[in-house]
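> Here it is, the structure in full.
All of the numbers you see were taken from the coordinates with simple rules; none came from a lab. Because the structure is a prediction, the values reported are computed rather than measured. Virtual Cβ from ideal backbone geometry, glycine too; neighbours counted across all protein chains shown.
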Amino acid sequence: MLVKVALRNIRRSVKDYAIYFVTLLMAVTLFYAFNSISEQHVMTEINESSHMDVSTFVNEMISIFSYIIAFVLAFLVIYANSLLIRRRKREFGMYFMLGMKPIQVSRIIVYETVLVGVISLALGLGLGVVVSQLLSFATAAIFGIAMPDYQFSFSMDAFIMTLVCFCVIFLVVAVFNVVSIRRCKLIDLMNADSKSEKVAIRNPWLCLVLFIVSLGVLAAAYWQLQINGMTMLMDDNFKAATILMLVGTFLFFFSLAGFIIAVVTRIRGFYLKKLRPFTTRQVASKVNTSFVSMGVVSVLLFLAITTFATGMGLVQMFVGDVEEANPYDASVAVRPVENNPMLSKAEAKDMVNIPIEDVESYLQTHIKGWDQLVSESGEIVIYSLPSLTYNDILDSTGVTIESATAVNSKVDVIGISDFNRALELQNKPEIDLDDGHYLVTNNVDVTEELAKAMVNQGYLLDTGSETLIPETEVIDVQPNNMSMLSNALFLVVPDSVVDKLDPSTGISSSFINLKYRDGSNAEEVLPQLIEEANVAQINSTYTRAQMIGQMQGMKLAITYLALYIGLVMLLAVAAVLAIQLISLTIDSLKRYRTLSRLGCDTRMLSRSLFAQITIYFLLPLLVGVCHSGWTISILSKTLFDAFHVDLLPTILMSAGLVVVIYGGYLLITYFVSRSMVVQGVRERA
């Protein structure tokens with residue numbers, strides 16, 4: 001019998017449950033779909049082509065954030081339920097009046113929670129399976145893989161994870177609902193409707209002062225963020241900016257209601273028209289009682305928009321030049337043992353120790369089948385000039401760069417023979433370097449201005465043995481394989497210069513660049529053979545396939561994480577506002593009936609309602625957009641502009657998501673609320 005009552009309650013309160021149910025449905029769908037990415041069939045092909053476990057990397061990244069998202073969804077569900085329960089208190093009071101025991105009412109609430117949860121889980125998981133198939137095509141498109149033979153995929157791990165997370169959430173919700181009802185007195189339950197929200201406004205002039213203070217606090221937060229530059233997330237400026245932004249945001253909404261009353265009511269020509277006094281008071285009342293939730297919503301919107309916009313930008317920054325950053329089949333990184341943080345002195349003693357400049361010849365003679373695996377090789381030995389730092393060059397040219405590490409490091413030079421060997425491996429023409437000259441090479445945006453200044457100003461390079469003048473152009477060359485372009489101002493000098501440098505102190509590192517022999521299995525076996533050579537000076541091996549696969553895996557992870565976090569947060573905040581507004585509309589039905597009796601038609605009431613809902617939705621959005629705009633502008637200057645990453649397309653995509661999801665919930669909220677108002681007015685007509 002109690003199950004039938006629960007079913008009847010759900011059918012009767014379908015308008016209340018509609019947005020809640022749709023939100024749960026979409027949340028379950030997204031949760032399953034994104035957590036199933038690693039088990040898509042296309043990921044097997046990606047793992048094989050990249051020679052690394054891309055799927056595991058993506059799965060670990062998404063799983064970490066899934067737990068955070070689970071907490072966000074738990075907050076959403078609990079908050080939504082608290083509003084639904086609050087508006088149904090009189091109904092529960094009637095159950096007590098009819099003789100039901102508290103345990104029976106509690107069981108009805110539990111049954112309702114379970115029924116809605118089971119239905120949303122079942123449909124959400126079904127829809128999630130469909131969406132996951134679509135994501136597999138998106139994954140294939142990101143990696144440029146053709147899918148002529150489609151294979152259906154189902155992730156049992158994602159299924160179990162989704163089931164467990166949402167079952168725990170629904171269990172917490174059920175306990176929360178039961179406790180909240182059992183703590184209420186019968187008289188409070190029966191008088192719940194008469195205790196509708198009062199239009200209580202704080203002192204307008206005090207709020208006006210606090211509103212101005214909140215703007216000052218937010219301005220201080222923006223200023224601290226500008227100083228920090230979003231480059232160091234653990235320093236005092238960033239911490240101060242974060243605290244000030246949170247305080248300023250909540251103070252802004254705390255004082256906003258009184259500010260609206262203080263300002264709008266004094267604009268008589270605007271205020272005393274149509275239902276604007278009623279609309280103004282309603283908006284002020286809603287903001288006054290919900291300033292905490294509006295502050296939370298604006299912060300979450302800020303995180304959602306910023307995450308999506310900058311996440312897509314990071315994809316371009318890290319992955320955009322991965323092909324150009326890996327011109328060789330493989331690069332073996334070599335450095336002195338004392339400069340290798342991954343190797344202890346005790347470990348180095350048990351390994352082969354040889355001079356850096358001899359590592360290439362050692363590998364050629366000690367790796368069995370080297371000639372069958374490698375067709376060509378060439379070592380670039382990088383020397384550090386003993387008495388010259390980049391800071392000296394910066395002072396001389398008048399150029400400034402942000403990196404403190406770079407400016408204090410010694411200047412790196414490469415011999416012309418090693419440099420030409422690298423060009424040969426890239427099938428590029430060799431360069432003739434005149435005596436007494438040096439060549440500036442660079443492909444990193446951060447040092448581009450300095451490279452041009454050295455050439456244009458004719459910077460005289462003091463090598464310790466002689467002074468060189470620059471050639472007339474900057475050469476763009478990648479000296480070794482890396483995850484991104486890494487030639488941060490390498491200077492090419494005559495061989496006679498490097499011959500005069502002390503190898504024991506002047507060599508900072510080297511790279512042995514390799515070209516595989518056609519038809520060999522070098523990609524599979526050579527990195528392991530190099531590791532087995534047990535040379536202490538060898539730091540790591542970067543193969544072209546592994547680097548591209550790694551960066552593509554990062555691209556996939558960042559892309560999906562940005563979508564995942566952005567969509568879920570947008571969904572959560574829009575649902576919170578929608579459910580909150582519907583509940584507040586129900587509380588205000590008596591006021592709409594009073595206006596109807598005074599002669600206001602349905603059209604006037606609908607316009608007032610639409611204005612209230614639109615303003616309520618837009619206020620936290622505008623604050624969130626301001627926070628995001630300032631943060632993104634700083635990141636553009638300090639990070640993305642240096643890599644020539646244009647964030648405009650991703651910002652437009654973010655705006656599109658906001659319009660579709662946030663705007664969609666706004667319209668749904670309006671139509672549901674309007675239906676309630678129209679029905680409520682007609683019932684008492």
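> Is any helix in the chain, taking whole DSSP H runs, at least 18 angstrom long along its axis by alpha carbon and on average at least 0.5 on the Kyte-Doolittle scale, and which ones? Numbers along the way, then the final one.
Numbers: long enough: 14-35 (31 Å, 1.27); 54-87 (49 Å, 1.51); 102-143 (58 Å, 1.70); 156-182 (39 Å, 2.26); 204-228 (36 Å, 1.55); 236-264 (39 Å, 1.84); 276-289 (19 Å, -0.81); 291-319 (41 Å, 1.97); 544-587 (64 Å, 1.41); 602-635 (49 Å, 1.15); 663-683 (30 Å, 0.55).
Length and hydropathy pass: 14-35, 54-87, 102-143, 156-182, 204-228, 236-264, 291-319, 544-587, 602-635, 663-683.
> Now for a different question. Given R₀ = 25 Å, what would the calculated FRET efficiency be for residue 4 paired with residue 171, taking r from the Cβ atoms and rounding to 0.05? Intermediate values should be presented prior to the final figure.
Numbers: r = 23 Å, r/R0 = 0.92.
Result of the calculation: an efficiency of 0.60.
> Residue 660 label point, 7 Å along Cα→Cβ, cut-off 15 Å on backbone N: hits in segment 117-134?
Under 15 Å, as judged by backbone N against the label point of residue 660, lie 131-132, 134 of segment 117-134.
> For a quick check: sort 514, 208, 301, 489 by the number of other beta carbons within 10 angstrom, fewest at the front.
So the residues, fewest neighbours to most, are 208, 489, 301, 514.
> Taking all pairs of distinct Cα atoms, average 1/r, flip it, and tell me the Kirkwood hydrodynamic radius of the chain in Å to one decimal place.
Working: mean 1/r = 0.0334 Å⁻¹.
29.9 Å is the Kirkwood radius here.
> Assuming 0.890 mPa s and 25 °C, estimate D for segment 464-592 with Stokes-Einstein, Rh taken as the Kirkwood radius over Cα pairs, in µm²/s. Can you show the working numbers first?
On the way: Rh = 21.5 Å.
Using the Kirkwood radius from Cα pairs, D works out to 114 µm²/s.
> Below 8 Å between Cα atoms, with a sequence gap of 6+, how large is the relative contact order for the chain in percent?
Values: 991 pairs, mean separation 140.0, N = 685.
Relative contact order for the chain comes out at 20 percent.
> If you don't mind, another one. Along the principal axes of its C-alpha atoms, what lengths does segment 611-683 span, in descending order and rounded to whole Å?
That gives 64, 18, 11 Å along the principal axes, largest extent first.
> A further question on this structure: Quick check on segment 336-536: what are the equivalent-ellipsoid semi-axes from the Cα gyration tensor, as sqrt(5λ), descending, whole Å?
For segment 336-536, the ellipsoid semi-axes come out as 31, 20, 16 Å.
> What would the Debye equation give as log₁₀ I(q)/I(0) for segment 200-272 at q = 0.18, 0.26, 0.27 Å⁻¹, counting only Cα atoms as equal point scatterers?
Normalising to I(0) and taking log10 leaves -0.69, -1.00, -1.05.
> Of the listed peptides 169-178, 303-312, what is their order by residue-averaged count of other C-beta atoms within 10 Å, with the highest listed first?
In decreasing order of mean packing, 169-178, 303-312 become 303-312, 169-178.
> Per-residue counts of other Cβ atoms within 10 Å, averaged by peptide: what ranking do you get for 90-99, 107-116, highest first? Let's see the in-between values first.
Working: 90-99: 14.9, 107-116: 20.0.
Answer by packing, highest mean first, reads 107-116, 90-99.
> Run the helix sum for the chain: -39,500 (n - 2.57) per DSSP H stretch of 4+ residues, divided by residue count, reported at 222 nm to the nearest 500 deg cm²/dmol. Please report the intermediate quantities before stating the final value.
Numbers: 28 runs with 448 residues, N = 685.
Per the formula, -21500 deg cm²/dmol.
> How far apart, in nanometres, would the label points at residue 219 and residue 90 be if each is projected 7 angstrom from Cα along the Cα-to-Cβ direction?
That separation, rounded to one decimal, is 4.8 nm.
> Among 675, 313, 249, flag the residue with its Cα farthest along the positive direction of the charge dipole of the chain, charges on Cβ as +1 for Lys/Arg and -1 for Asp/Glu.
In the chain, that residue is 675.
> For residue 428, list the aspartates and glutamates whose Cα falls under 13 Å from its own Cα; do not include residues on the same chain fewer than 8 positions away.
The qualifying aspartates and glutamates are 476.
> When 430, 424 are ordered from fewest to most other Cβ atoms inside 10 Å of their Cβ, what list results?
Ascending number of Cβ neighbours within 10 Å: 430, 424.
> Quick one: what Rg and Dmax do you get for segment 217-344 from the alpha carbons, in Å?
Every Cα atom of segment 217-344 included, Rg and Dmax give 25.1, 81 Å.
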